[in-house]
Amino acid sequence: MEVMSYKDFAAAGNRGTNIYLDLEENSYGITVESGALTKAGGLFDLDRRVLVVTDDGVPEEYAEAVASQCREPYIVTLPHGEATKNFESFRQLLSEMLSHSFTRKDCVVAVGGGVIGDLSGFAAACYMRGVDFYNVPTTLLSQVDSSIGGKTAIDLDGVKNIAGAFYQPKGVLIDPETLKTRDSRQLHAGLAEAIKMAATSDAFLFKKIEESSDLQADLQTIIVGALLIKRDVVQQDPKENGLRKILNFGHTIGHAIESFGEGRLLHGECVAAGMIPMCSDRAAERLKSVLAKYDLPVSLPDAGRLAGGADDIIKAGADELMPF
């Protein structure tokens, strides 16, 4: 089923969904369907050499399921976590492709969360000036946000995403079944990105999240709703010259919190806390209510949980060189 609006999808119920992101020659489809992992070979062109990139926090069977549908697969498993998004990992992926004689006709498939997607996409953008890239996000955070839109990057000298490229995938496959291995903290942290998008762009979706009595049952509709928002924004502003900056809501202060947090807080938790100072009092109260419902932070963390205090966080946010 191809959908154009969240209301249409919500009315139709949880069924397989195809979303089309129209960027002229860089257009691609996004499939959201339970069990879709087993259909990767029909959705992606895998009849060639394929570098399947994953991390050790992702169940091995996910990458293996994709690899089993490739003509000539090579699986690379990296350590999980933000620290992996560095030049050494980037070099490793390029070297792996070179050692197996990859050409421009071959491709990269990311199977994992946002770190793996960002890193793999950047490697695909740079190897031989660009090979095809496909994304199979396996965390809620990456499914609702980073898996589409074409932002690829690595971190450098403590600054997140400072080296990268806009490089759109050729296709995205989202299988909600992969979320069953995630604990509630990971799910709620991922939900923060959907709350962010709903708060800026879709009152209907925000109300759905706000009133949900069964998050697991509602996940697919929430994923689709968030993707439709991001699709519409990216189609209008693919390289973040204006409108797309609304997708950074919560991220300026959130990234500063993340930097000072030294891994204690998840990305979505940092974004949640980063949204509140940017709101009016009236909006903040409603937002705090829905964040608290999902055990997400509703204020800047106290200095005891961070390497720096609130003043340092605010300064770091104000000093960011560019939006992320």
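The values are calculated or read from the model by the stated rules, or taken from the named source; none is laboratory data. From a predicted model like this one, the values you see are computed outputs, not experimental measurements. Cβ sites come from the backbone with ideal geometry, for glycine too, and all protein chains shown count toward neighbours. Accessible surface is based on the protein model in full, side chains and every heavy atom, while ligands, DNA and RNA are left aside. Shrake-Rupley method; radii C 1.70, N 1.55, O 1.52, S 1.80 Å.
Points worth noting:
- Residue list for region 87-116, restricted to those being out of contact with any helix residue (DSSP H, G or I) (no Cβ under 7 Å at 6 or more places or on another chain), under 30 Å from P176 (Cβ atoms) and part of a loop (DSSP other than H, G, I, E, B): D106
- Scanning region 57-65 turns up no residue that is among the small types (G, A, S), in contact with a strand residue (DSSP E or B) (Cβ under 7 Å, 6 or more places away or on another chain) and within 30 Å of D232 (Cβ to Cβ).
- D145 satisfies every condition listed in (1) under 25 Å from G41 (Cβ atoms); (2) of a type in the set (D, E, K, R); (3) touching an Asp or Glu at 6+ places or on another chain (Cβ under 7 Å) except (1).
- Once region 149-172 is narrowed to residues that are more than 20 Å from L243 (Cβ to Cβ) and modelled with pLDDT under 95, the residue that is most open to solvent (accessible area, probe 1.4 Å) is D157.
- When residues of region 45-85 are limited to those that are outside any strand (DSSP E or B), touching a residue at least 24 places away in the same chain (Cβ under 8 Å) and more than 20 Å from T139 (Cα to Cα), the one most open to solvent (accessible area, probe 1.4 Å): R71
- Residue within region 23-36 that is among the aromatic types (F, W, Y) and under 20 Å from K230 (Cβ atoms) present: yes
- Within region 240-252, residues that are on the phi < 0 side of the Ramachandran plot sit with their Cβ atoms under 7 Å from residues that are of a type in the set (D, E, K, R), at 6+ positions apart or across chains, in these pairs: L243/D237; R244/D237; L247/K230; F249/K196; T252/E320.
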